[in-house]
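The block underneath contains the structure these notes are about, expressed in structure tokens.
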Amino acid sequence: MTGLSDPFNRPINYLRISVTDRCNLRCIYCMPAEGIDLLPHGEILTYEEIATIVRLAAELGINKLRLTGGEPLVRAKLTELVAMLADIDAIDDISLTTNGVLLKEYASELKQAGLKRVNVSLDSLNQDKFERITRHRKLSDVLQGIEAAKACGLNPVKINMVVMRGINDDEILGFAKFTITEGWHVRFIELMPFVTDNPPEGHSIGRKANSHPQFMSANEIKERLNSLGELKPCLPITGNGPAKYFRFPQASGTIGFITPVSQHFCFSCNRLRLTAEGKLRPCLLSDQEIDLRQPLRSGASPEKLKQVITEAIQTKPKEHQLAQGHTSKKRLMSQVGG
Ligand code: SAM
Ligand code: SF4
């Protein structure tokens, strides 16, 4: 292992792999209700292809993986991929980001295959509101999924809540209380403008992210928590990400804030993304992509493929321009992996 770093001397050791662009939900901030062009199956990387890329990336210094999507659990036999990746010596951490709908069914076999932990996206504990946000009535499946993940040791289970003013901000306190009563690890995520039909129409692109009417900054979210007591900074329980963590004195769970808009964390970004169709994406919020599938399928040598990966990292931008209104214009969040 040589260790990868980008032109700004950031070590890159974390690969986020989108295994599908398909999803069983349609969250308003991520996907339009309909009319999405899905990738033909032949364009999606096979598990063997993903494992080949990970083996090469691991030789270069990648040692942490996260599987995402779309919804990763809608891809058939995901457990087989987890087992293949867990077999790669240099990989010491495999995690999953999921909407949780199918987690009850797969948690145990994923754990056995080598998955370490899961993040579950959950924006409301109210059935009607959950349906308004995700356009599906699946809240109880998600809650059962969370319990199943905990029960089989996919710990810590982190709950990701995208906070939207006027939609679910009235639940901030309720989620925070669960860190005390249920030991939940909750992360509040600032809403990022992406290409969706989330109203108000046309607002998302080209305007400053913090002027979106549904946007709430982490500072404002934190202020709402004052009534529950004093939040004290704490160390991350696990993870490779940008969240800053806090805890109420009486809580066994933690509260994290992910602040892509109000306080970007690009200076410490350690990640590279692989899309479902095999494009390396050095930054979530930049449309710069490097195709790995074409050289892979045309028989490029391992050395050549490693060179493509290394070159992709050299194109990683210093920072994103979300606060200034620049975001991905080419892809939905579900097509990148969040
Ligand atoms: N389907 C899985 C899920 O929902 O967890 C994985 C993919 S999803 C794109 C990954 C993460 O991105 C989720 O936590 C989701 O809430 C977050 N996300 C999607 N669109 C977002 C947006 N516009 N702003 C902030 N977070 C977003
Ligand atoms: Fe699907 Fe996840 Fe996007 Fe929601 S956030 S639509 S669950 S990919």
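The values are calculated or read from the model by the stated rules, or taken from the named source; none is laboratory data. Note that the structure is predicted; figures quoted are calculated from it, not measured. FYI the Cβ positions are ideal-geometry reconstructions off the backbone, even for glycines, and counts take in every protein chain you see. We work out accessible area using only protein heavy atoms, side chains counted, and drop any ligands, DNA or RNA first. Shrake-Rupley method; radii C 1.70, N 1.55, O 1.52, S 1.80 Å.
List the trypsin sites (Lys or Arg not before Pro) within the range 1-103 that DSSP assigns to loop and that have no more than 12 neighbouring Cβ atoms inside 10 Å. Each step should come with its number before you reach the end.
Numbers: sites: R16, R22, R26, R55, K64, R66, R75, K77; in loops: R22, R26, R75, K77.
Counting only loop positions with at most 12 other Cβ atoms within 10 Å, the trypsin sites (Lys or Arg not before Pro) in the range 1-103 are K77.
State the extension gain, in nm to one decimal, for the chain segment bounded by A86 and Q294, taking 0.36 nm per residue of separation less the distance between their alpha-carbons.
72.3 nm is the gain from fully extending A86 to Q294.
If you take the square roots of the eigenvalues of the alpha-carbon gyration tensor of the range 1-138 and sort them as a ≥ b ≥ c, do you get rounded (a/c under 1.5), prolate (a/b over b/c) or oblate? Before the final figure, lay out each step's value.
Numbers: a/c = 1.85, a/b = 1.72, b/c = 1.08.
Judged from the Cα gyration tensor, the range 1-138 comes out prolate (a/c at least 1.5, a/b above b/c).
State the extension gain, in nm to one decimal, for the chain segment bounded by E49 and S5, taking 0.36 nm per residue of separation less the distance between their alpha-carbons. Write out the running numbers ahead of the final one.
Working: separation 44, 0.36 × 44 = 15.84 nm, distance 2.38 nm.
That works out to 13.5 nm of additional length.
Choose one answer from C283, C23, C234: the residue with the largest mean-square fluctuation in a GNM of the chain with alpha-carbon springs under 10 Å.
Residue with maximal mean-square fluctuation among C283, C23, C234: C234.
Give me the compactness ratio for the range 43-104, meaning the Cα radius of gyration over 2.2 N^0.38 Å. Walk me through the numbers before you get to the answer.
On the way: Rg = 11.7 Å, N = 62, 2.2 N^0.38 = 10.6 Å.
With N residues counted in the range 43-104, Rg over 2.2 N^0.38 Å equals 1.11.
Expressed as a whole percentage, what fraction of the accessible surface of the range 33-188 belongs to carbon and sulfur atoms when a 1.4 Å probe is rolled over the protein heavy atoms? Write out the running numbers ahead of the final one.
Values: 2900 of 6080 Å².
Roughly 48 percent, rounded to a whole number.
Under 10 Å, Cα contacts only: if you run a Gaussian network model on the chain, which one of I167, I159, I94 comes out with the highest mean-square fluctuation?
Of I167, I159, I94, the most mobile in the Gaussian network model is I167.
For a label point 7 Å from the Cα of E59 along Cα→C-beta, name the residues of the range 1-35 whose backbone N is under 12 Å from it.
Zone members listed by number: 1-2.
In whole percent, what relative contact order does the chain give with Cα contacts below 8 Å and a gap of six or more residues? Intermediate values should be presented prior to the final figure.
Working: 721 pairs, mean separation 73.6, N = 338.
About 22 percent, as a whole number.
Can you tell which of P282, P40, P302 shows the greatest fluctuation in a Gaussian network model of the chain with Cα springs below 10 Å?
Maximum among the listed residues: P40.
With no solvent and one point per C-alpha, what does the Debye sum give as log10 I(q)/I(0) for the chain at q = 0.06, 0.11 Å⁻¹?
Summing over Cα pairs of the chain leads to -0.19, -0.69.
Sequence neighbours fewer than 8 away in the same chain don't count; with that in mind, list the lysines whose C-alpha is under 26 Å from K158.
Output for K158: K64, K77, K104, K111, K116, K129, K138, K150, K177, K222, K232, K244.
Sorted by accessible area with a 1.4 angstrom probe, largest first, how do H41, H212 fall?
Working: H41 140, H212 15 Å².
Greatest to least solvent exposure: H41, H212.
For every other residue with a beta carbon closer than 12 angstrom to the beta carbon of A151, add +1 if it is Lys or Arg and -1 if Asp or Glu, then tell me the sum.
+2
So the label point goes 7 Å from the Cα of N155 along Cα→C-beta, right? Which residues of the range 163-193 then have their backbone N under 16 Å from it?
Label zone hits: 179-186.
What spacing in nm lies between the two simple spin-label points modelled at D287 and E220, each 7 Å away from Cα in the Cβ direction?
Label-label distance for D287 and E220, simple model: 2.9 nm.
Keeping every protein chain present and rolling a 1.4 Å probe, give me the accessible area per residue for the range 14-335 in Å². Walk me through the intermediate numbers first.
Values: 13180 Å² over 322 residues.
Dividing the accessible area of the range 14-335 by its residue count gives 41 Å².
Roughly what % antiparallel, to the nearest 5, for the DSSP beta bridges in the range 14-335? List each step's numbers first, then the result.
On the way: 10 of 40 bridges.
In the range 14-335, approximately 25 percent of DSSP beta bridges are antiparallel ones.
Estimate the FRET efficiency between Q321 and E105 by the formula 1/(1 + (r/R0)^6), using the beta-carbon distance for r and 25 Å for R0, to the nearest 0.05. Please report the intermediate quantities before stating the final value.
Working: r = 40 Å, r/R0 = 1.61.
The calculated FRET efficiency here is 0.05.
Using helices alone, what [θ] at 222 nm do you get for the chain, with -39,500 (n - 2.57) per DSSP H run of 4 or more residues, divided over all residues and rounded to the nearest 500? Before the final figure, lay out the partial values.
Numbers: 9 runs with 90 residues, N = 338.
Result for the chain, helices only: -8000 deg cm²/dmol.
Please identify which residues in the range 14-38 have an amide N closer than 19 Å to a label point set 7 Å out from the Cα of D128, following the Cα→Cβ vector.
Within reach of a label on D128, which here means backbone N under 19 Å from a point 7 Å along Cα→Cβ, the range 14-38 contributes 28.
As I understand it, the dipole of the chain uses +1 on the Cβ of Lys and Arg and -1 on the Cβ of Asp and Glu, about the Cα centre. Which of Q144, T315, G256 lies farthest toward its positive end?
In the chain, that residue is G256.
What is the range 75-184 by shape, rounded, prolate or oblate, if you read a ≥ b ≥ c off the alpha carbon gyration tensor as root eigenvalues and call it rounded for a/c under 1.5, prolate for a/b larger than b/c, and oblate otherwise? Each step should come with its number before you reach the end.
Details: a/c = 2.33, a/b = 1.88, b/c = 1.24.
Prolate is the answer for the range 75-184, as a/c is 1.5 or above and a/b outweighs b/c.
Rounding to the nearest 20 debye, state how big the charge dipole of the chain is about its Cα centre with +1 on each Lys and Arg Cβ and -1 on each Asp and Glu Cβ. Don't skip to the end; give the middle numbers.
Numbers: 43 positive and 38 negative charges, 101 e Å.
The calculated dipole for the chain is roughly 480 debye.
Using 0.36 nm times the number of residues separating S252 and I237, minus their current alpha carbon distance, what extension gain do you get? Don't jump to the answer; show the numbers that get you there.
Details: separation 15, 0.36 × 15 = 5.40 nm, distance 1.09 nm.
That pair, S252 and I237, stretches by 4.3 nm at full extension.
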